[in-house]
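The values are calculated or read from the model by the stated rules, or taken from the named source; none is laboratory data. In this text the structure is predicted, and so the values were computed from the model without any measurement. Neighbour counts run over all protein chains shown; Cβ positions are idealised from the backbone, glycine included. Keep in mind that these areas ignore ligands, DNA and RNA; they rest on the heavy atoms of the full protein, side chains included. Shrake-Rupley method; radii C 1.70, N 1.55, O 1.52, S 1.80 Å.
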Amino acid sequence: MYPGNFTAQMEMVLGPSYRQYPDVGIVDSLNPRLDGWLCTDTHEHYRPMRFLFTYLGEDESGINYRITAAVGWEYAGAMLRESMNGWIGMQGFAIGRLVDYVATARPFGSDPIWRIKKLTDWDGDFNTLNTVEFQLLNSDGHAMSVRAYTHSAKFRKGTPGRSHSFIYFYAEDEDRYEPARFRLVHSKRA
């Protein structure tokens with residue numbers, strides 16, 4: 001991938017049971033338990049997110065980046081992090097995000113490193129960066145995948161609850177879920 005800093009939106013490329021090219025963003029619902037988690041545009045509280053990819057260098061494992069929010073005052077400085085149980089979202093020290101960071105972020109104290117594993121060839125021209133398909137791997141080498149998560153809600157005592165399933169992103173070390181494939185959209189040098 002590109003050996004420098006850039007901003008871009010992401011979209012998911014082909015999933016086994018998901019429509020082609022759903023945009024990747026965050027949940028923005030005014031519910032602090034849900035807000036900031038990475039989701040596709042199929043979520044009812046989807047908000048597009050532009051990400052800043054800060055180049056950290058290359059090593060034997062691949063090309064490393066820190067990924068932060070590139071837009072939105074409420075997510076200024078928030079980093080793409082993995083919760084203690086594997087779910088992925090924008091967490092950090094921005095307004096309204098301190099509680100998220102303290103409650104769910106790991107590892108405490110260090111910035112998360114994300115590795116990009118290219119799945120298609122690239123000619124090295126920044127203007128064709130959007131043609132590259134890739135996977136995102138956490139610092140343990142676990143690929144980001146997608147999972148359905150069901151929320152249920154009861155509105156009044158004694159009434160049946162409604163359930164809604166939405167697609168969220170998860171770092172997976174098991175072979176049960178196909179790793180998500182991404183490509184960049186609207187890339188700009190930072």
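Descriptive notes on the structure:
- On the stretch given as segment 121-132, residues that are open to solvent by 40 Å² or more (accessible area, probe 1.4 Å) and not in a helix (DSSP H, G or I) total 5.
- Here Trp73, Trp122 are screened, and the one residue that is among the aromatic types (Phe, Trp, Tyr), over 25 Å from Asp173 (Cα atoms) and at pLDDT below 90 is Trp73.
- Residue count, segment 1-54 (criterion: at pLDDT below 95, of a type in the set (Gly, Ala, Ser) and in a strand (DSSP E or B)): 1
- Near pairs, Cβ below 7 angstrom, 6+ apart or cross-chain, from segment 70-88 (closer than 18 Å to Leu52 by Cβ and in a loop (DSSP other than H, G, I, E, B)) to any residue that is open to solvent by 10 Å² or more (accessible area, probe 1.4 Å) and modelled with pLDDT of 85 or more: Ala70/Thr7; Ala70/Arg50; Ala70/Leu52; Val71/Arg50; Ala76/Ala69; Gly77/Thr68; Ala78/Thr68; Ala78/Ala69
- Within segment 43-65, if we keep just the residues that are in contact with a Phe, Trp or Tyr (Cβ under 7 Å, 6 or more places away or on another chain) and open to solvent by 50 Å² or more (accessible area, probe 1.4 Å), the residue that is farthest from Arg183 (Cα to Cα) turns out to be Leu56.
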